[in-house]
1. Would you mind stating whether VAL325 is near the ligand (Cβ under 10 Å from one of its atoms), within 22 Å of GLY130 (Cβ to Cβ) and surrounded by 17 or more Cβ atoms within 10 Å (Cβ to Cβ)?
2. If you go through the range 328-351 one residue at a time, how many are within 23 Å of THR233 (Cα to Cα) and either touching a strand residue (DSSP E or B) at 6+ places or on another chain (Cβ under 7 Å) or within 8 Å of the ligand (Cβ to nearest atom) (or both)?
3. Please work out which residue is farthest from THR83 (Cα to Cα), limiting yourself to the range 352-392 and to residues that are polar (S, T, N, Q), surrounded by 17 or more Cβ atoms within 10 Å (Cβ to Cβ) and more than 14 Å from the ligand (Cβ to nearest atom).
4. Would you check if there is a residue in the range 251-264 being within 28 Å of ASN501 (Cα to Cα) and modelled with pLDDT of 95 or more?
5. Within the range 145-156, does at least one residue satisfy the condition of being in contact (Cβ under 8 Å) with a residue 12 or more places away in the chain, away from the ligand (no atom under 14 Å from the Cβ) and of a type in the set (Asp, Glu)?
6. If you go through the range 90-135 one residue at a time, how many are more than 16 Å from the ligand (Cβ to nearest atom), closer than 21 Å to ASN341 by Cα and not in a helix (DSSP H, G or I)?
7. Applying the selection to the range 66-84, what residues are part of a loop (DSSP other than H, G, I, E, B) and either within 12 Å of the ligand (Cβ to nearest atom) or acidic (Asp, Glu) (or both)?
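The values are calculated or read from the model by the stated rules, or taken from the named source; none is laboratory data. As the structure is a computational prediction, the values presented were derived from the model and not from experiment. Using ideal geometry, Cβ is built from the backbone for each residue, glycine included, and neighbour counts are taken over all protein chains shown.
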Amino acid sequence: MTAAFTATRGNGDELQETVSDAGTRLTTNMGIPVSDNQNSLRLGARGPTLLEDFVLREKIFHFDHERIPERIVHARGSVAHGTFEVTKAIPELTRAALFQKAGNSCDVFARFSTVAGGAGSVDTPRDIRGFAVKFYTPEGNWDLVGNNTPVFFIQDAMKFPDLVHSVKMEADRGYPQAASAHDTFWDFVSLMPETLHNVMWAMSDRAIPRSLRFMEGFGIHTFRMVNAEGKSTFVRFHWKPRLGVQSLLWDESAKLQGADNDYHRRDLFEAIAEGGFPQWDLGIQVIDPAWAEKQPYDVLDATKLIPEEEVPVQLIGTMTLNRNVDNHFAENEQVAFCPSNVPPGIDFSDDPLLQGRLFSYLDTQKSRLGTANFHQIPINAPRCPMHNFQRDGMMQMQIPKGRASYEPNSLDKAGEVGGPRADTRGGFITARPVTDLGREAPTEKLRIRAETFADHYSQPRMFFRSLTDVEQGHVVSALVFELSKVALMHVRETVLSHLRNIDETLAQRVADGMAMALPAAAEAAVAPVDLPVSDKLSILKQPVPAPKGRKLGILVTDGADGAVVDALKAAAKAAEASVMVLAPKVGAVKLAGGTEIAADAQLDGAPSVTFDALAVVASAEGADQLTRHKKALDWLSDGFAHLKAIAHTAEAQPLLDKAGVSKDDFVLDAGNAQGLIAKLADRNWDREKTIWPAL
Ligand code: HDE
């Protein structure tokens, strides 16, 4: 075994991280050479297998134990390594060594996840996405464990097991998998109006991202930064994708669950493998306590966002994901994120949800990874010196030297190694429980929810009203879809009664979509107010992103014009977009003039949902054959229904006619490669009205 990468732990010992088995001899786990890896040991050629066969027994024994418990939430994740570089020093806010100088950098490991589904579930259900980043800073690991929405469903950790039980598969029947469209989730929502803000995000396009590379990330909670003088400042963290934010259409995301279960995981892996490293800027909102005091909500409440128009996001660094993992289990399954991992200079607020998380993650890692020594697993180990007197435990990988396993000790006076000592100046000092948000210092032990957390409707209203008409239509359709799957009538009605407090037109449209009468509005603990709309909350109010990182599918038939294919490929390449050529048969397409090219994929295996825009480069004969090919017709009719740009040769017109593709601004001539690429990251929203019934 050769070590390909080593992480120094500061004590002179080295940890082997990745191993390469190239050209080695097969052995048992104890290093005993194996002579035959095909046949178990048996008595005679057809006789019974012998218990004595330690090679077989060890192999099966190890296999039997290959799985560990999957995460109770966020079980399905996709991961990548990368780097983080500070672009703006913020010593006035934090003493964290990482942020002292622009240009400082550290390694990072990111994990994106769906929440409700199991580890083997699909990538594109309607769901919140996890956005967890481990920064290997010079002062220890910092885990920023966020989501792709800026708010959460609940305000107090006490409700988390209930929330998760309600959204997971129903307890008696074991379904639905990875879906919120069922009785128990909406029952919980109907009884807990604090969920409504995050529910609105979950019913919006944010919950069906185009891919992980096109998502924003949010730390959600208000955190603290503490500077060298001990002054603490409240901040919220944001990740802004350089490629822009984009979502799927609901029909596309549903079809992708059949077309490619691993759509997001594959997209991230392939982008990195091809050198298209995704990047996000890290930003902070710095919260002025005097400003916070005046808001009609509490910044310690995780169901509330702080509009960027009110408190702008300042960019302080950039994350670049540039290396795929070597092993899905060792890195993705074994990575252990804990929001309690913070270096000196970053600290917590009293957000009651965050406080509960500080316990939960450490605890869950012990149950998932089986030992309190999970921090020694290479993906979790800090990349800075780590010394303490914690000892032993299952799967201890280190061999601490000497007898100093307690402190204080005076062994160094006798010439022995006395071990590490606390660093009173550089060590982590918990921020004083300041009440710099102007609230009362806590004096009593109470099981209550602060009154400042009581308004559950104003921000969902602000979110809905900040969306474009198209986006609002998607929220209405999503609510109708989900509630139509709810069999309990009283739950549907209660949800409608809450929607009335968010927005009357929203409630009416959802009720109409289910052919139901509107019930009376729910009683609000605090009457909602009209907050100013925030354009930043809308995806479609932002400029159309560049075509970089998008994917063009070109369907080619025998007799097609190779020059047109080449021009499309060149235009895509120039825009840093990727291209896949597909053909009815993968092995070869004979172009006009007789040249043969191999396709990247067979038409049946690459449905149009896997592309951002389509091109058909067909000869008259090739197009004619495809008019009798169901998959070719689906390819085009789906692409059209998903509002994508479609370029085609004139010869392909009969095929488009049969597929129901009618002329509009997004249906172009295949010779117009630039025009097609310009629309690669866009959709024809006007077309939506003619295809999808408005609710
Ligand atoms: Fe989590 N959450 N969570 N969560 N969470 C877990 O930890 C929990 C919450 C988030 O890629 C678990 O290692 C509680 C908010 C992400 O490995 C568990 C509460 C936010 C991930 C857990 C919350 C998150 C998790 C399951 C309420 C966004 C995936 C496995 C107090 C800011 C991390 C694990 C990964 C995972 C508990 C609420 C994000 C059980 C108790 C709010 C991205 O410990």
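1. No, not satisfied.
2. 10
3. ASN373
4. Of all residues in the range 251-264, those within 28 Å of ASN501 (Cα to Cα) come to none.
Looking through the range 251-264, none of the residues is within 28 Å of ASN501 (Cα to Cα) and modelled with pLDDT of 95 or more.
5. Quick first cut of the range 145-156, residues in contact (Cβ under 8 Å) with a residue 12 or more places away in the chain only: 145-156.
This time we only want the ones that are away from the ligand (no atom under 14 Å from the Cβ), so: none.
No, because not a single residue in the range 145-156 is in contact (Cβ under 8 Å) with a residue 12 or more places away in the chain, away from the ligand (no atom under 14 Å from the Cβ) and of a type in the set (Asp, Glu).
6. 10
7. Of all residues in the range 66-84, those part of a loop (DSSP other than H, G, I, E, B) come to 66-76.
Across the range 66-84, the qualifying residues are GLU66, ILE68, PRO69, GLU70, ARG71, ILE72, VAL73, HIS74, ALA75, ARG76.
Residues checked against (1) touching a Leu at 6+ places or on another chain (Cβ under 9 Å); (2) assigned to a helix (DSSP H, G or I); (3) within 26 Å of THR233 (Cβ to Cβ); (4) small (Gly, Ala, Ser):
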| residue | (1), (2), (3), (4) |
| --- | --- |
| MET319 | yes, no, yes, no |
| GLN355 | no, yes, yes, no |
| LEU358 | no, yes, yes, no |
| THR371 | no, no, no, no |
